[in-house]
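Enquirer: First, the structure itself, so that you have it in front of you.
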Amino acid sequence: MGHTDLSKAAELIAGAERAVALTGAGVSAESGIATFRDADGLWDRFDPEEVATAGGWLAFLIRKPWEGMEFLRGLRDAFAEASPNEAHAALASLEAEGHLGAVITQNVDGLHRLAGNREVVELHGSFGRRRCSSCGCRERVSREGFCEELDTMIAKLGSYMVHHPAHLLRRCECGGLFRADVVMFGEPVQGLGSALEHAEGCDVMLVCGTSSVVYPAAELPERAKARGAALIEVNPQRTELSARCDVHLAGAAGEVLPELVEAVRRASVAA
Ligand code: OAD
């Protein structure tokens, strides 16, 4: 990452009327949660069409309990211990210091809120909630509660006696079945209206740790740019979006973002 690029990004943020961030799995990588599309990522090991569609995931668990247990253990191991890293902390500092209006995230780990960001749009939902598939009501789930539910599902699958989703999932008072309040492939994202408002109302968008290939999230920087916003990308790799960014800061978010926060502070004092 060049010094000039860092200064340019910092000046853009310090001078912005309204900056927002769009984040993806790369921001949580340094918290120990594997990304989806990098080598050894989740989609390297499991077929998203099989394990992450609304109609398919339960059938997968029931049809292939052994693989299902692997998948659920992977989720539990990744999320049980994960805590916010330097990248999350930096984004929380930017918001607290008045330089960031919102974080729009594709991540379902809840780490932005845990780090202290208050205005967070969770486009793909959160493992911190469960939702009834029938009445649609939502309940908060603690990290411990989430892990306990996964352990219970793993134990049930291990008994090889699961033949129906009702054997695996908790019931809501209405009689429907609860599931994690996350967005699966083929389902509408959450908070899209609010995300579009942020994207179309910002003059700087900081795009961190996303491959920018999953829509509609990938459309948000395009919408922002179409309205004249500057795009800053933080990613160790170049992505589909890189060519259209005003600044590309190459590096891990946990290293680059804290440096960016310091540079924004310097730029704000100098202004
Ligand atoms: P991907 O796995 O597609 O992309 C992760 C990006 O993070 C890549 O561009 C990496 O280069 C970058 N990266 C890796 N380590 C990094 C680090 N330490 N700092 C910064 N960047 C790093 O993840 P997403 O773009 O978030 O959706 O994927 C979008 C959606 O696809 C996910 O929300 C999920 C997935 O299928 C659903 O499950 C609906």
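Enquirer: Tell me which residues, restricted to region 194-249, are hydroxyl-bearing (Ser, Thr, Tyr) and more than 16 Å from Val121 (Cα to Cα).
Expert: Matches in region 194-249: Ser211, Ser212, Thr239, Ser242.
Enquirer: Kindly provide the set of residues from region 83-98 that are surrounded by fewer than 24 Cβ atoms within 10 Å (Cβ to Cβ) and either in contact (Cβ under 8 Å) with a residue 60 or more places away in the chain or of a type in the set (A, V, I, L, M) (or both), ordered by number.
Expert: Asn85, Glu86, Ala89, Ala92, Ser93, Leu94, Ala96, Glu97
Enquirer: Determine which member of the set Ala87, Ala115 is farther than 21 Å from Leu12 by Cα, within 16 Å of the ligand (Cβ to nearest atom), among the hydrophobic types (A, V, I, L, M, F, W, C) and under 14 Å from the mean Cα position of the chain (by Cα).
Expert: Going through Ala87, Ala115 in turn, the sole match is Ala115.
Enquirer: Further, regarding this structure: Any idea which of (1) among the basic types (Lys, Arg); (2) closer than 27 Å to Met205 by Cα; (3) touching a Gly at 6+ places or on another chain (Cβ under 9 Å) is the one Arg37 doesn't satisfy?
Expert: That leaves (3) as the condition not met.
Enquirer: Here's another thing I want to ask about it. Would you point out the residue of region 106-125, among those that are out of contact with any Asp or Glu (no Cβ under 6 Å at 6 or more places or on another chain) and either polar (S, T, N, Q) or part of a strand (DSSP E or B) (or both), that is nearest to Glu173 (Cα to Cα)?
Expert: Glu122
Residues are listed down the side, and each one gets a yes or a no for (1) within 13 Å of the ligand (Cβ to nearest atom); (2) among the small types (Gly, Ala, Ser); (3) over 20 Å from Ala78 (Cα atoms):
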residue: Asn107; (1), (2), (3): yes, no, no
residue: Phe127; (1), (2), (3): yes, no, no
residue: Arg138; (1), (2), (3): no, no, yes
residue: Glu144; (1), (2), (3): no, no, no
residue: Thr152; (1), (2), (3): no, no, no
residue: Lys156; (1), (2), (3): no, no, yes
residue: Gly176; (1), (2), (3): no, yes, yes
residue: Ser194; (1), (2), (3): no, yes, yes
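Enquirer: When region 42-54 is examined, which residues are found to be touching a residue at least 12 places away in the same chain (Cβ under 8 Å), part of a loop (DSSP other than H, G, I, E, B) and more than 19 Å from Ser126 (Cα to Cα)?
Expert: Phe46
Enquirer: Name the residues in region 173-196 that are closer than 14 Å to Val214 by Cα and without any contact (Cβ under 8 Å) to a residue 40 or more places away in the chain, would you?
Expert: Across region 173-196, the qualifying residue is only Pro188.
Enquirer: Within region 230-240, work out how many residues are closer than 24 Å to Ala115 by Cβ and surrounded by 21 or more Cβ atoms within 10 Å (Cβ to Cβ).
Expert: Residues that pass the stated criteria total 5.
Enquirer: Find all pairs meeting these conditions: Cβ atoms under 7 angstrom apart; at least six residues apart or on different chains; first residue within region 233-261 and on the phi < 0 side of the Ramachandran plot; second residue among the polar types (S, T, N, Q) and more than 9 Å from the ligand (Cβ to nearest atom).
Expert: Glu233/Ser242; His248/Ser242; Val261/Ser93
Enquirer: Does any residue in region 99-128 that is among the basic types (Lys, Arg) come within less than 6 Å, Cβ to Cβ, of a residue that is more than 13 Å from the ligand (Cβ to nearest atom) six or more places away or on a different chain, and which pairs are these?
Expert: So the pair list comes out as Arg113/Val120.
Enquirer: Follow-up question, since we're still on this one. Looking at this structure, is Phe71 modelled with pLDDT of 90 or more and within 15 Å of the ligand (Cβ to nearest atom)?
Expert: Here the answer is yes, as Phe71 does meet what is asked.
Enquirer: Can you pull out every residue in region 216-232 that is touching a residue at least 24 places away in the same chain (Cβ under 8 Å) and away from the ligand (no atom under 13 Å from the Cβ)?
Expert: Hits for region 216-232 are Arg223, Ala224, Arg227, Gly228, Ala229, Ala230, Leu231.
Enquirer: Going through Ala243, Ala252 one at a time, which residue ends up being more than 13 Å from the ligand (Cβ to nearest atom), modelled with pLDDT of 95 or more and farther than 17 Å from Glu95 by Cβ?
Expert: The match here is Ala243.
Enquirer: Looking at region 2-40 only, could you name the residues that are in a strand (DSSP E or B), among the hydroxyl-bearing types (Ser, Thr, Tyr) and under 21 Å from Ala267 (Cβ atoms)?
Expert: Passing the criteria: none in range.
The values are calculated or read from the model by the stated rules, or taken from the named source; none is laboratory data. If you're wondering where the values come from, they're calculated on a predicted model, not measured in any experiment. Here Cβ is always computed from backbone atoms with ideal geometry, including for glycine, and neighbour counts include all displayed protein chains.
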